[in-house]
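Here's the structure we're looking at; comments come further down.
Taken together, the values in this text are just the output of simple stated rules run on the coordinates, not laboratory data. Just so you know, these numbers come straight off a predicted model, no measurement behind them. Here Cβ is always computed from backbone atoms with ideal geometry, including for glycine, and neighbour counts include all displayed protein chains.
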Amino acid sequence: MLLALAAATLAIDALLHAFDLVWIGRYLGIPGVLLILTSLIYSARKRKLISWGKPAKLLRQHERLAWAGSLLILVHAGIHFNAWLGWLAIGAMAINIGSGLTGKYLLQHARKSLLATKAALVAQGLSPDELHERTYWDTITLGVIQQWRVIHLPITLAFAVLALAHVVSICLFWRWW
């Protein structure tokens, strides 16, 4: 997913340059931010701030919308080394993307591994108590991995603060306020 994001960013940026449409990139940050903000519906549902929507479906939408929004923001960033605040926000976003994808894949792997182990042990005819005893540490490990959001959330907040500071500074410098 990270490689696909990088490849898509480079391809879109190359197309914009090839057709002399680089100016479009300046404005892609706005829909990118809107897509990322829309992806936060999943987080609101997870924290019971809203009650509608199926969590599994919202998670898939969160992943897709955040990926697409990140793509637009990366194209927006381009290769401009004069905007340090923007680059800090991009760095925080990249770490956030890495954190989200790492958590997703580690969690999937741990769940599949635990289910496979349990299935193999059940096939051997172990009692529920023996099954619990044999999978105790795997279950504990899965529980720890499920807590990766404790790391993901502060990274998300750092990205949000830096992105907001970037937006405010742009509005001030462009005299939109």
Can you give me the number of residues within the stretch 53-67 that are more than 10 Å from the chain's Cα centre (by Cα) and part of a helix (DSSP H, G or I)?
-> 7
Can you tell me which residues in the stretch 10-30 are surrounded by 15 or more Cβ atoms within 10 Å (Cβ to Cβ) and part of a helix (DSSP H, G or I)?
-> 12, 13, 16, 25, 29
When the residues of the stretch 54-76 are filtered to those that are out of contact with any Lys or Arg (no Cβ under 6 Å at 6 or more places or on another chain), aliphatic (A, V, I, L, M) and free of Cβ contacts under 8 Å to residues at least 24 places away in the same chain, which remaining residue is farthest from residue 29 (Cα to Cα)?
-> 56
Filter result for the condition that a residue is more than 16 Å from the chain's Cα centre (by Cα) and without any contact (Cβ under 8 Å) to a residue 12 or more places away in the chain, over 142, 157, 172 = 172
Which residue pairs have Cβ atoms closer than 6 Å, lie 6 or more positions apart in sequence or on different chains, and pair a first residue in the stretch 101-114 that is in contact (Cβ under 8 Å) with a residue 24 or more places away in the chain with a second residue that is of a type in the set (Phe, Trp, Tyr)?
-> 103/148
